[in-house]
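Please read the structure below before turning to the comments.
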Amino acid sequence: MSYCHWTRLQQADIFREVKLPEEVSVLPEGISEQDVANFDSVLNLKDDAKFAERAASALHSNTSILPLRQWIERATGKHKYTSTAISSPAYITSVIKIAIYLTTQIIDAEDLYDSGVHDKLDMLQLSAARDWAEHVVVQFDDTQSSAESKQDDTDAQVEEFLHQFEQQRIARQGQMMCHDDARVSEQVSAGRNGLEDVSRNPPGSTPNSDSCIEDAGCLDMKSAQIQCPANESPSNPENAHMQRMFYLGLVFYELFSGGQRPPSNLCALASSERAFESLSTTIAAQENNDEDQFIGTNKRLQCGNRDGGPCRVHSEYLKLSNVTSSLCDLILNMLDCILRGLNMDALSSQSQGSQLDEISISREREQESILSCYRRCMSGSFEIAIVKGSSGAGKSFLTQLVGRAIVSEGGIFLVGKFDQMQQSRPFSGLAAALYQCCSLLIDKLESDWANTVVHKLQAALGRDAPYLMKIIPKLSTILNHNVAHSLPDDHNDFGNAVQRIQYLLCLFVETISSSSTVMVTLCLDDVQWMDAVSVSVMKRVLAQRYNKFFFMACCRHDEMSDTHPFWGMIESVCSNGTLSVSVELKNVDANTLEIIILDLLCLPPRLVKPLAGIVHSKTKGLPLFVSEMLRALNRDGLLLVDLDSRRWVWDQDKIRAAKLPDNVAICFANGIAKLPAEVQVALHTLSMFGSSAKSECIKALETQLNIDLTEPLQIAIIEGLVSKVTGSYYFSHDWIQETCYSMVQEQDRALNHLTYGRCLSKLALETNNGDMMFTSANQINLGGPEAITDENEYITMASYNLMAGKKAIETSDFSLAYKLFSSGIKFLNRQHWRYHYDVSLELHECAARAALATGNIDEISLHSDIVLKHAGCFDDELNIHQIVMLSYMHTSKLNEALELGLDILLQLGEGIPRNPSDDYFGKEVQRTQMMIAGVSEDAILGYKPMTDKKKRSALKILVFVNKCSFYAAPPLCRYIILKMVQLTFKWSTS
């Protein structure tokens with residue numbers, strides 16, 4: 001069968017409820033194949049000259065023929081339009097038989113059309129201005145009429161029927177085929193003619209047992225058919241199938257409602273010759289001009305709330321008349337066809353890949369919940385929003401919708417994303433969001449707002465701006481191209497470094513929000529991978545409760561433990577009175593999925609219900625899985641566009657028999673495996689960098705490895721797997737990246753990571769590109785020492801990690817720095833203290849320093865023990881001693897710190913007695929006075945820095961010892977201060 005719309009009609013629940021055959025090929029009881037053939041030949045108006053003869057032979061004594069509307073009027077009589085008549089079993093059974101006959105006629109005509117016989121289908125191609133109900137005639141067995149009277153008047157009946165039929169057609173041509181519901185009764189009454197007298201029950205006949213039916217004799221149906229006059233010019237619109245479905249729906253509406261005419265606006269659309277060609281314009285105009293009539297837009301069906309569709313409101317009449325809901329839905333679906341259509345030009349031109357775009361489920365309620373929170377913040381409240389959901393639930397898409405809404409309202413929307421494989425980039429997600437802000441300022445630099453913000457940033461950040469530029473390089477373009485990036489030596493100022501970067505980031509956000517007349521929204525995605533340093537920064541930012549600032553976060557809550565730092569941050573912020581709005585995205589249910597698919601495929605619900613059931617049973621309603629499942633079915637030829645019938649078609653049995661993927665990863669893998677080999681290689685390469693990679697990295701690999709990456713990635717973009725935005729490639733979803741990465745053989749992953757890191761490290765060193773240095777170091781460390789085959793390369797990779805770690809310290813990201821130093825230590829071979837002493841010593845010292853900044857005391861002890869064990873001299877122990885002393889001070893072990901400091905000073909030749917006498921103090925005072933006597937202030941300001949390493953170390957230790965003694969041994973403070981002055985004057989002059 002060419003068009004399964006009609007097959008679904010015959011399988012409708014209403015047909016089974018009255019115990020009629022499910023297959024339309026089986027005719028209702030009392031109707032034979034010959035009867036249908038005879039009736040078809042009798043009423044074929046293509047040959048008018050022989051019509052009377054054929055009609056006379058067919059219309060025997062107990063058979064009558066009437067136009068549909070007159071048959072309805074006769075069948076319902078005085079109960080017309082009332083539920084009393086149209087809900088009676090006798091009437092319902094009869095009209096269902098008529099429906100089956102009409103449906104069968106169209107099915108047969110379309111089957112013949114597919115076989116090359118076009119005249120039968122042309123007969124059904126009534127122009128759009130035609131009223132199909134006016135061209136339907138029915139044949140019934142009138143057992144209550146006089147057989148003898150009917151036999152004598154047969155010729156007159158036929159002649160009168162032909163005359164009246166043609167007169168009605170001519171009279172109605174050029175007029176509106178339908179009127180308002182209140183005038184239906186008057187119109188139908190005015191259309192009565194002599195045919196009603198011919199077929200009416202004779203006086204004295206016995207009424208039907210169902211008292212609701214005026215004339216039971218007309219309910220014994222023989223057949224029904226749609227007729228097209230011979231002089232009608234058949235229309236052949238491109239979407240003729242959908243037209244026939246819609247026009248037959250109008251007939252069904254009138255038939256099952258007992259003569260109730262369809263809504264006037266719907267009929268007005270149907271009467272237009274170009275109704276299906278310019279439908280959107282017609283509907284929009286009618287919706288704006290007449291709000292009291294039907295809703296003229298096919299709103300996107302979302303989240304299980306089917307508010308769209310112009311005809312749903314008019315199914316209420318049928319429901320109030322006790323017509324079954326399945327029949328109401330059937331008619332509604334048929335009338336919805338006028339609002340459905342496919343872009344066949346776009347679909348037919350799609351030569352490769354899937355013809356289906358990714359399904360995007362609009363979460364209207366969730367979106368409105370977040371926007372309401374945002375608007376309350378605009379009114380002075382301070383709230384945050386958290387979007388929770390599993391991978392593939394649509395969190396990122398919801399973020400995009402919210403962002404568009406905020407921007408449309410004049411707000412600023414900044415978004416950053418954390419990545420599991422890109423933890424080597426300092427403050428990756430937060431920095432990405434602030435980078436967008438800088439780009440926005442540059443784009444609008446001519447505006448008063450941007451100029452105001454820039455001036456305030458320059459004033460607020462001052463000379464500390466270079467610290468922030470290390471995290472946000474684009475900030476240098478905004479503030480001053482000539483700002484020096486050299487930073488002071490703060491190797492031991494760890495606490496201040498962390499506090500400083502937090503303060504500067506808060507200052508940046510405060511300046512942006514306070515300088516703007518609109519809200520600034522910061523959205524962080526995938527916070528389940530948010531690093532601890534970024535958490536601490538955001539905790540401080542949110543604690544300030546800035547005006548005109550709104551924070552939004554997205555996370556896979558099912559992959560986060562209750563002890564995740566992010567939840568601790570939220571708890572702390574909310575404890576200060578901040579309100580938190582939580583939105584959880586769940587999988588869609590079966591009913592919602594059915595609505596989504598019917599809207600995607602532009603088909604009625606009854607057609608897509610079986611397909612939706614199969615998809616839901618496999619995907620459990622996970623939006624991403626649903627989208628990829630449908631695309632996979634399309635890609636595999638199981639869900640196709642039939643260009644002849646201009647609609648989507650599928651074979652349910654083949655889909656059920658196919659081996660469908662059990663999860664979204666397999667679904668993606670199957671699709672990717674069918675792409676060209678070079679595209680797969682490009683995707684695998686991109687996946688090694690995480691969810692995104694900068695195009696400069698891809699081009700560098702393309703050049704150094706001599707492989708094609710850029711062009712194949714363009715194919716991946718066409719396939720919807722990858723996008724390219726602002727100079728970077730992004731996977732469309734994390735699942736795609738994870739799938740591509742898993743498709744690389746495990747034994748090859750380490751080697752690939754190392755190879756890519758080795759290539760990018762050369763470019764990073766040549767260009768002094770810090771961001772590329774972090775990326776290359778991450779690739780090297782993902783490869784690991786196991787991937788190295790050249791013994792000399794171990795120290796190279798260890799040294800590179802040392803460089804990258806120092807770069808991370810410049811950005812005040814000590815957590816990243818510690819990871820890099822630790823990775824560098826792993827690359828050291830067994831005899832590294834013997835052959836690579838300096839690198840080994842510096843790696844352990846830097847690792848201990850980074851551990852101190854992050855509060856990891858156990859790691860400090862580990863590295864200090866190793867250094868003290870292998871250090872060649874006391875001078876090489878000085879740095880680690882200072883770090884250990886600071887760790888004691890940070891853990892309030894002041895006595896231990898003081899003792900260690902005094903021991904170090906003693907070994908440096910600058911010892912201080914633990915219990916000095918007053919005489920000793922007096923002598924030291926006199927000695928100091930002699931050193932500073934006659935020295936002017938200008939001379940002191942002209943002193944040069946100390947060059948002696950031991951004396952510099954001694955002076956640092958004295959600073960620490962003085963802090964400890966202030967609490968642990970106050971009498972020592974005066975001696976320590978004198979010693980510091982003496983060292984300064986003695987060793988700073990040389």
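List of remarks:
- To put it simply, the accessible area of region 802-860 at a 1.4 Å probe is 47 percent carbon and sulfur.
- Anisotropy class of region 697-785 from Cα gyration tensor, a/c 1.5 cut: oblate
- Our summary gives region 361-434 a relative contact order of 22 percent, counting only alpha carbon pairs under 8 angstrom and 6 or more residues apart.
- Listed residues Asp525, Asp642, Asp562 arranged by accessible area, highest first, probe 1.4 Å: Asp562, Asp642, Asp525
- Overall form of region 951-990: oblate. Here a/c, set by the Cα gyration tensor axes a ≥ b ≥ c, is 1.5 or more, and a/b is not larger than b/c.
- Carbon + sulfur, % of accessible area of region 666-755 - ligands and nucleic acids excluded, 1.4 Å: 52
- Area of Arg540 that stays accessible when all protein chains are in place (1.4 Å probe, Å², to 10): 70
- Prolate/oblate/rounded label for region 578-722 (Cα gyration tensor, a/c 1.5): oblate
The values are calculated or read from the model by the stated rules, or taken from the named source; none is laboratory data. Everything numeric in this text was worked out from a predicted model, so none of it was measured. Accessible surface is based on the protein model in full, side chains and every heavy atom, while ligands, DNA and RNA are left aside. Shrake-Rupley method; radii C 1.70, N 1.55, O 1.52, S 1.80 Å.
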